[in-house]
Amino acid sequence: MVPIVFILAIAIIFLVGCGETDEACQFAVTRALDKGNYDEVIKRLERRSCGYSDKERYINLGAAYAGKAGLDPLDIASEMINSARTGQDAEKVVMKLLSDKATGTGLFYMRKSASSYKKAINNNFNVCQPTLEDELTKDACFYGSVISFAVVGASFNLLIENVGLWVDPSKLDCNTDVNRNNNLDTGDASGCAIKYAVNGTTNCQNGVVIDQGGINPNITVRGFNFEYVPVIINANASKCPAYPDKTIHKLLYIKGDGTKSLVVTDGYCSPSDTTNKCTESEVDGQTCIPCPVFTEDQNGNITPATVESTIANTINDALEMAVDQETRDAINDFINTNCGPDGCSEAEIGNYLYGG
């Protein structure tokens, strides 16, 4: 009689040797997606195709990364479409919807999701046409467009910090609009920092200036070069006499060619160790800085999240991937109102933030 232990050992060797079948892997992926076990989907599909076509594989990965970011793309699409129908600002509607999901980690997974949908169509946005008949391609275009717009909304959230007051400026007061220009102070600071990054402007309008004496152009975080820029918002003496000037801390990414872009940040940290958190009152531009958010590009490289990459370029991607007219209308409304016929540039995003 053959010992049971021997039989079990042979069975285990057989199973390990054969590996999981594609059918079993696909079943596991479907079940994991249904149960919200997104890590399981990502673990499987990042290392193998499970017999899926590239398009199917990346669509499933896009769904898993969106789920990991806490997104429901259909909810976002519904809000975008409703904004187009009712004449609301789509980006503000989406910003408000994502206000509790706008974190550095959330933005990382949103970008991974958007990248997956782009890979599903081989980054060929030309296939995303209203007459598209292939349902899988249509799904990749639709979800890629919606998630890309979510990336824009989450990035705005992190830059502005108080999305409720951005959406409804009627509630601004001296605490949040110390120069009383009817624009959120954090919007002024981000817009002015972009002006400085793009063309060296240090004296913006409405009493918003760059503190040149406080700039530190020599910060390294995770091997990338940054510049710390304090923005001073001068208090309106007649309307906010009891309030002091306000300093808002911003960070610029210095690219390899020497040009700069405003960084999306989340809280404050040590530049030598981003897990070592500090507080706003401790920011000195050297040992404590606005904590840069890092994302992953389509080649798998970790890069700083900037206004150029996560807003200007991404909103243009969102428009190009939109396959239904109402989603396209919602995105186009923002671009036509705040940018130009060639899409959005960082300078135009700066004007939008500065002007509210």
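Output the qualifying pairs, or none if there are none: Cβ atoms under 8 angstrom, residues six or more apart or on different chains, first residue in region 15-37 and open to solvent by less than 80 Å² (accessible area, probe 1.4 Å), second residue modelled with pLDDT under 90.
As it stands, the answer is A28/E20, since those pairs meet every condition given.
Which of (1) touching a strand residue (DSSP E or B) at 6+ places or on another chain (Cβ under 9 Å); (2) crowded, with 17+ Cβ neighbours inside 10 Å; (3) over 14 Å from V146 (Cα atoms) does K92 not meet, given it meets every other one?
(1)
Filter region 168-201 for residues that are open to solvent by less than 50 Å² (accessible area, probe 1.4 Å) and of a type in the set (V, I, T) and give the result.
The answer is T176, V178, T186, I194, T201.
From the residues in region 96-113 that are in a loop (DSSP other than H, G, I, E, B) and among the charged types (D, E, K, R), which one is least open to solvent (accessible area, probe 1.4 Å)?
Among those that are in a loop (DSSP other than H, G, I, E, B) and among the charged types (D, E, K, R), it is K101.
If we keep just the residues of region 114-145 that are in contact with a helix residue (DSSP H, G or I) (Cβ under 6 Å, 6 or more places away or on another chain) and closer than 21 Å to V293 by Cα, which is surrounded by the fewest Cβ atoms within 10 Å (Cβ to Cβ)?
Checked region 114-145; the qualifying residue surrounded by the fewest Cβ atoms within 10 Å (Cβ to Cβ) is S116.
Within the set of pairs 6+ apart or on separate chains, which have a first residue in region 294-307 that is more than 16 Å from F226 (Cα to Cα) and touching a residue at least 40 places away in the same chain (Cβ under 8 Å), a second that is of a type outside the set (A, V, I, L, M) and in a strand (DSSP E or B), and C-beta atoms under 9 Å apart?
E296/T303; D297/T303
Can you name the residue in region 146-167 that is open to solvent by 20 Å² or more (accessible area, probe 1.4 Å) and in contact with a Ser or Thr (Cβ under 6 Å, 6 or more places away or on another chain) and is also farthest from E79 (Cα to Cα) among such residues?
If we filter region 146-167 for residues that are open to solvent by 20 Å² or more (accessible area, probe 1.4 Å), which is where we start, we get 161-162, 164-165, 167.
Right, trim to in contact with a Ser or Thr (Cβ under 6 Å, 6 or more places away or on another chain) and you get 161, 165.
Values: E161: 21, L165: 19 Å.
Taking the candidates together, the pick is E161.
Quick one: in region 340-356, of everything that is modelled with pLDDT of 90 or more and not acidic (D, E), which residue is most open to solvent (accessible area, probe 1.4 Å)? Spell out the reasoning first.
Going residue by residue through region 340-356, those that are modelled with pLDDT of 90 or more are 344-353.
Going one step further and asking which of them are not acidic (D, E), we end up with 344-345, 347, 349-353.
Details: C344: 11, S345: 46, A347: 42, I349: 0, G350: 0, N351: 86, Y352: 14, L353: 0 Å².
By that ranking, first place goes to N351.
For residues in region 295-311 being open to solvent by less than 10 Å² (accessible area, probe 1.4 Å) and either modelled with pLDDT of 95 or more or among the polar types (S, T, N, Q) (or both), which is nearest to S83 (Cα to Cα)?
Per the criteria, the residue is T310.
I want to confirm something. Restricting to region 179-203 and keeping residues that are touching a Gly at 6+ places or on another chain (Cβ under 9 Å) and not in a helix (DSSP H, G or I), which single residue is nearest to K96 (Cα to Cα)?
The extreme case among them is L184.
Taking the condition of being of a type in the set (A, V, I, L, M) and either open to solvent by less than 20 Å² (accessible area, probe 1.4 Å) or assigned to a strand (DSSP E or B) (or both), how many residues in region 204-244 meet it?
Counting residues in region 204-244 that are of a type in the set (A, V, I, L, M) and either open to solvent by less than 20 Å² (accessible area, probe 1.4 Å) or assigned to a strand (DSSP E or B) (or both) gives 9.
Please go through region 99-129 and pick out each residue that is under 15 Å from the mean Cα position of the chain (by Cα) and either of a type in the set (G, A, S) or under 13 Å from L319 (Cα atoms) (or both).
Residues satisfying the conditions are S99, A102, G104, G106, S113, A114, S115, S116.
Can you name the number of the only condition in (1) within 16 Å of Y354 (Cβ to Cβ); (2) without any contact (Cβ under 8 Å) to a residue 60 or more places away in the chain; (3) not aromatic (F, W, Y) that G223 fails?
Among (1) within 16 Å of Y354 (Cβ to Cβ); (2) without any contact (Cβ under 8 Å) to a residue 60 or more places away in the chain; (3) not aromatic (F, W, Y), the lone unmet condition for G223 is (1).
Conditions: (1) open to solvent by less than 10 Å² (accessible area, probe 1.4 Å); (2) free of Cβ contacts under 8 Å to residues at least 12 places away in the same chain. K255 meets all but one. Number of the miss?
The single condition K255 does not satisfy is (1).
Given the conditions (1) assigned to a helix (DSSP H, G or I); (2) open to solvent by 10 Å² or more (accessible area, probe 1.4 Å); (3) of a type outside the set (S, T, Y); (4) touching a residue at least 24 places away in the same chain (Cβ under 8 Å), which single one is not true for A330?
Result: A330 fails condition (2) only.
Got a sec? Which strands (runs of 3 or more DSSP E) wholly within region 248-326 have at least 1 residues that are under 22 Å from F142 (Cα atoms)?
294-296
Go through I311, I335, I331 for me and flag whichever is within 25 Å of G200 (Cα to Cα), touching a helix residue (DSSP H, G or I) at 6+ places or on another chain (Cβ under 6 Å) and not hydroxyl-bearing (S, T, Y).
Of I311, I335, I331, the one residue that is within 25 Å of G200 (Cα to Cα), touching a helix residue (DSSP H, G or I) at 6+ places or on another chain (Cβ under 6 Å) and not hydroxyl-bearing (S, T, Y) is I311.
Restricting attention to region 268-293, and to residues there that are touching a helix residue (DSSP H, G or I) at 6+ places or on another chain (Cβ under 7 Å) and open to solvent by less than 40 Å² (accessible area, probe 1.4 Å), which single residue is farthest from Y228 (Cα to Cα)?
Here the residue is V293.
The values are calculated or read from the model by the stated rules, or taken from the named source; none is laboratory data. Just so you know, these numbers come straight off a predicted model, no measurement behind them. Ideal geometry is used to build each Cβ from the backbone, glycine not excepted, and the neighbour counts take in all protein chains shown. Accessible surface is based on the protein model in full, side chains and every heavy atom, while ligands, DNA and RNA are left aside. Shrake-Rupley method; radii C 1.70, N 1.55, O 1.52, S 1.80 Å.
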